[in-house]
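K.L.:
Quick one: structure below, then a few questions.
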Amino acid sequence: MFRIVIENEDDVYMACSIGKKVAAEHGLNKTQQTKLVVSIMELARNIVFYAKRGEIIINDIPSYGIEIIAKDQGPGIPNLDQYIDHAFPSKKGLGLGLSGVKRLMDEFEITTAINMGTRVRAVKWIKEGQGKHNDNITYRP
């Protein structure tokens, strides 16, 4: 498991580098690696620009996949459904927003609460199609 504190752009690139290394070590093909790294970059940049501080955890789940958890204690996300449905693209990340992360990863869960922060969990499977796609979105006003 890798835990990267995210406070600035250097931390974003550190998380991406670690994610790419873990993905390659676990046999993800180049397309899967790219999807994982782009998702890490989007989540980490969102932390920097919206929450100012948070963390990315990269966790190997043996024989299953690579789990990414992004956590912060920022302002939370009002109108979460609109961000997930791509009504509001990311202005600070790569433009993919949370809907892009949801699309790129095989599992996606998000929990957010106003003035309490946001937690995103996303998994890229080692073998395409090996599990059941899981999307869970929770908003607490």
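The values are calculated or read from the model by the stated rules, or taken from the named source; none is laboratory data. Owing to the predicted nature of the structure, the values given are computational and were not obtained by experimental measurement. When we count neighbours, we look across all protein chains shown, and the Cβ atoms used for this are built from the backbone with ideal geometry, even at glycine.
K.L.:
Under 7 Å between Cβ atoms, at least 6 apart or on separate chains: pull out the pairs that start in the range 102-116 with a residue that is in contact (Cβ under 8 Å) with a residue 12 or more places away in the chain and end on any residue that is surrounded by fewer than 16 Cβ atoms within 10 Å (Cβ to Cβ) and of a type in the set (D, E, K, R).
P.N.:
Sorted first by the residue in the range 102-116, then by its partner, the pairs are Lys102/Asp135; Phe108/Asp135; Ala113/Arg140.
K.L.:
Would you pick out the residues in the range 20-34 that are polar (S, T, N, Q), out of contact with any strand residue (DSSP E or B) (no Cβ under 8 Å at 6 or more places or on another chain) and closer than 11 Å to Ile66 by Cα?
P.N.:
Here is the first cut: in the range 20-34, the residues polar (S, T, N, Q) are 29, 31-34.
Cutting the leftovers down to out of contact with any strand residue (DSSP E or B) (no Cβ under 8 Å at 6 or more places or on another chain) gives us 29, 31, 33-34.
Matches in the range 20-34: Gln33 only.
K.L.:
Still on this model: Report, by residue number, each residue of the range 51-82 that is under 20 Å from Gly117 (Cα atoms) and acidic (Asp, Glu).
P.N.:
Hits for the range 51-82 are Glu55, Glu67, Asp72, Asp81.
K.L.:
Step by step: first the residues of the range 16-72, then only those that are surrounded by 23 or more Cβ atoms within 10 Å (Cβ to Cβ) and among the charged types (D, E, K, R), then the one that is farthest from Val120 (Cα to Cα). Which residue is that?
P.N.:
Glu42
K.L.:
Tell me, which strands (runs of 3 or more DSSP E) wholly within the range 1-89 include 2 or more residues that are modelled with pLDDT of 95 or more, touching a Leu at 6+ places or on another chain (Cβ under 7 Å) and not acidic (Asp, Glu)?
P.N.:
By residue number, 65-72.
K.L.:
Say we look at the range 105-129 and pick out the residues that are out of contact with any strand residue (DSSP E or B) (no Cβ under 8 Å at 6 or more places or on another chain) and under 28 Å from Pro62 (Cβ atoms); which of these is modelled with the highest pLDDT?
P.N.:
Lys127
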